[in-house]
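Working notes, beginning with the structure itself.
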Amino acid sequence: MIVKMKFLSISGPRTDIDRMCQVYLSRHEMQLENAIAELKTTENLIPFAEVNPYREPLNKAEEFIGLLEDGKVEPDLTMDQDAMIGMIRDLNHQYLELTERRERLKKHAEELREKLNDTAICGYGSDGSMWIITADLKNTCMKT
């Protein structure tokens, strides 16, 4: 289906673009075009080349969603942007701490396995025989 579109030029303070898009444009379908390509004849036009400030929090949120078993999440629309970014930052700190703790526990478990490999357990049976359990967990019985 072909729908006639209107060309809309937006200008204003850079700090107000997010609010303006949310209030006025979010309920309409739109197709963004590169202004430089469309307005070649306009002088003194420079591209808006700032980095998206929400890229990193969005990537982190998507990473955390990928860690969930079902991967399905319902967005909480009651939070404002600062609260969402703060929550993602807190989750990231907790995730990094847990990952670091898991690595420390793995290292500790490996150290315990190495100590176990150097250990032999000795005991005496009721018949007077001595038994030894060596590191490879094979019983060796000796009569004394």
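Past the 13 angstrom mark, what percentage of all C-alpha to C-alpha distances in segment 69-108 do you count? Result: 67 percent of Cα pairs exceed 13 Å. For residue 55 and residue 114, the FRET efficiency from 1/(1 + (r/R0)^6), where r spans their Cβ atoms and R0 equals 30 Å, is about 0.10. So, R0 is 41 Å and r is the distance between the beta-carbons of residue 28 and residue 94; what FRET efficiency does that work out to, to 0.05? Working from the Cβ atoms, E equals 0.60.
Inter-label distance, residue 44 to residue 82: 3.5 nm, where each label sits 7 Å from its Cα along the C-beta direction.
Note on residue 104 and residue 68: their simple-model spin labels are 2.9 nm apart, each label 7 Å out from Cα toward Cβ.
We did not get these values from a lab; they are worked out from the coordinates using the rules stated. Since the structure is predicted, the reported quantities are computational estimates derived from the model, not experimental observations. Don't worry about glycine lacking a Cβ; one is built from the backbone with ideal geometry, like all the others, and counts go over all protein chains shown.
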